[in-house]
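Written below as structure tokens is the structure these notes are about.
The values are calculated or read from the model by the stated rules, or taken from the named source; none is laboratory data. This structure is a prediction, so every number in the text was calculated from the model and none was measured. A quick note on method: Cβ atoms are made from the backbone with ideal geometry, for glycine too, and the neighbour counts reach across all protein chains shown. Protein only, heavy atoms only, side chains kept; ligands, DNA and RNA dropped before computing areas. Shrake-Rupley method; radii C 1.70, N 1.55, O 1.52, S 1.80 Å.
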Amino acid sequence: MANKRLKKKYGRRRNGEGSVSERKDGMFQASLMIKGKRKFEYAPTKNEAYERLEVMREKASHGISLTGGDVTLNEIVDCYIERYAKPYVRPATLKNYNGYAENYITNSSIGKMKVSRIAADDLQDFVNALVDKGLSGKTIRNIFAFVDSVFAQAVRNRLVSFNPCEGVRLPKIKANERPLISEEEYSRLIEVAEDQTMRTAIAILGLGLRIGELLALQWTDLIDVDDIPVLSITKALKRKYLFDATAEKKSGRKTEIAVSETKTDSSIRQVPIISRVLTELDKLKAAQLRIAGELGVQFSDDFFIIGTLRDKGFGYITPDKFRADFSNCVKKAGLPKEVTPHALRRYTSSTLIRHGASPVAVAKLLGHSSSATTLTYYSRESLKGTLEAVKLLEN
């Protein structure tokens, strides 16, 4: 009965696909012909032998040596990127993976090592070397997370018996001490914006949106839910890397800007609009209607809210152009040049939590999957706010 189930599962194998047979000692032997040489793997059961044959075929298909410990980390890194990452991750993530491999792994102490010989100590030395290079804790953790994923896949593919990444000590991530603006400074930032588009943009950013989410907004995203006006966040404007050589040659660029999916599934959300923001939106829509009428262009709800005038209406503004305009407003408002559009997310989070908002509600507003992220990276308190908190001890 067992043999029938296995035959149904694996079927009859064609020439060149290898075979499984039982030995006289009761063990099962998987064999595969590679470049004129027959390779063997052994297992106590027929099912395991077939599984090992599949692993042999997979390794061979990527040009990886089938001689046990001859597989190097560089080899399985290349295999992981091409087969397990490229079809599933976003282009920007794939670019990061390639960068980690090229800049930090290929010529490292572990890159050319046989994976069967890489131990936790070797990986700790690798991490320590990255620390010595002056890389930030966050960057090192990102690189190591990639290495961990590679080894985890290698374990699943039975290239190695365990993941040596376990137990490695990683550097802490230091809190980013960028300027935290006050409510008065935020209001001043809106006031100095002479252009209605920029005034509206800064007002919307105060609701906790990312710059890509802001620039992807169209008037169709302004809706009512249970008589509450909200902005429906379902997409983002991003600069994407081109990995298609033909497309790159045709356009002469390595990147392109396009509206695509949000950063994470948690980023898809509905953001309630307060009256101040709604007032700015009404003014902006009236301005776009007037300009479209003067140009003889029919107004469309598909126009971008934070848009720039094009032949057929209001198209998107590029992130670089928006950042430059925002920087001018920061300068006019007399704020530190380190204040960026993303800094307003930190302003939103810190202000709401200081006034008693639930961290869970703030995390949902910002599109975080966890309130821990909100509290750790986006919620800071000014010295004045800390003083007010300490005074509560006097009561």
Which numbered condition T200 fails, given (1) hydroxyl-bearing (S, T, Y); (2) surrounded by 24 or more Cβ atoms within 10 Å (Cβ to Cβ); (3) more than 27 Å from S182 (Cβ to Cβ): (3)
Members of the range 265-298 that are open to solvent by less than 50 Å² (accessible area, probe 1.4 Å), farther than 24 Å from A363 by Cα and not in a helix (DSSP H, G or I): V297
Members of the range 320-340 found to be open to solvent by 60 Å² or more (accessible area, probe 1.4 Å) and in a helix (DSSP H, G or I), listed by number: D320, K321, R323, S327, N328, K331, K332
Candidates V155, V131, V168 - the one that is of a type outside the set (D, E), over 30 Å from E256 (Cα atoms), within 25 Å of the chain's Cα centre (by Cα) and crowded, with 16+ Cβ neighbours inside 10 Å: V168
Close pairs from the range 354-366: first hydrophobic (A, V, I, L, M, F, W, C), partner open to solvent by 40 Å² or more (accessible area, probe 1.4 Å) and assigned to a loop (DSSP other than H, G, I, E, B), Cβ under 8 Å, at least 6 apart: A363/S369; A363/S370
Residue, modelled with the highest pLDDT, within the range 341-380, restricted to residues that are of a type outside the set (A, V, I, L, M), farther than 20 Å from Q270 by Cβ and open to solvent by 40 Å² or more (accessible area, probe 1.4 Å): H342
Hits in the range 299-319 (condition: surrounded by fewer than 17 Cβ atoms within 10 Å (Cβ to Cβ) and over 15 Å from K238 (Cα atoms)): F299, S300, D301, D302, T308, L309, R310, D311, K312
